[in-house]
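All remarks here apply to the structure that follows.
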Amino acid sequence: MLREDLIDKEGLFYIESPINGSEHQILERCKEALRICRNQQVDIAVFPEMLFTSKNQHTLIDFIKGNDYNTEEMRFPWFIWLGTAWAEKENKCMVIDQYGKIVFEQKKYVPYEYRKKDTGNIPETDTSDKTAVREALSHKEERIANFLDLPGFLRIATAICRDISDNHLTTAIKELYTDMVVIPAFSKTDRLTERYISPLALERIISLVCNACSALCEESQERFEVNEQMIGKEHIFSYLCLPAKKPKDNAADYHAAHYTSLCKECVKCCNGYIWEIDFTRCVIHHNLCCAEVI
């Protein structure tokens, strides 16, 4: 449930709990997604932003630990990004390994902002300075960015939604020769792609955006929109950006996952999407490609 406060004349919002008591339903859907990942031997699983409560995160960890048949043939993903937890107005992503061990937690630092008039909460004639509402992020310590090193394979960074717009983080990602950035997001637009993610392709960095199903509205409301010139299809909820295989590809090679229906039929869709990346098959053109989706 969305809550808004007025603190020091500044509008703040935070997520207090899942809507309509859907916490258990979300948990069961996530368990099923992990079963699918285990059966298909998926290596990395990512869940979107604003999906998990702290309770659900730890329940999912217990679910993984409770499966004693975690063999090479029937293993959970090596690493799992558990979206975002809200506790004390703290937006953070938890990463665990295939055994349910917490590898790290990373907090979000760049808040989402919206105008209340865009949501119909105030009259269009209201032109006051109080119409902007900002995500409440309560972080006292200095910012910490975590890098997951898989020797001889990948170095993976994490950026929660708008954190990928922070110059300090993107500079660190480039200077530390990061191979891939995982971006759990919750957005109804594709604004991250052209401005912040496309430049990473020039640095030969893979970007994986996992967006929330809730970003797609019902038919009578505003749809989830993307830059059609960039990707070309509607109803995209997640996408993978690789360095382009050819210079004419504008330095970015996009692969998109789509909804199969609207949110009102979510029981029948949004079961996730699996990309298979082969790091050995790509034919390099002008040093622009580091992998290929098969």
Seminar exercise, completed: Distance in nm between F104 and T59 label points, each 7 Å along Cα→Cβ, equals 2.9 nm
Problem set entry | Highest to lowest packing among 198-211, 95-108, scored as the average C-beta count within 10 Å | 198-211, 95-108
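Figure the gain on full extension for S22 and K174 (residue separation times 0.36 nm, minus the Cα-Cα span) and round it to one decimal in nm.
On the way: separation 152, 0.36 × 152 = 54.72 nm, distance 3.91 nm.
Result: 50.8 nm gained on full extension.
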For this session: Using label points projected 7 Å from each Cα along Cα→Cβ, tell me how many nm separate D97 and R143, to one decimal.
Result: 2.9 nm
Exercise. What length, rounded to one decimal in nm, is gained on full extension from F153 through to R115, with 0.36 nm per residue of separation minus their alpha-carbon distance?
Worked result: 9.4 nm
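Since every read-out is calculated from the coordinates, none of them should be taken as a lab result. Not measured: the values here are computed from a predicted model. No Cβ is skipped: glycine too gets one built from the backbone with ideal geometry, and neighbour counts run over all protein chains shown.
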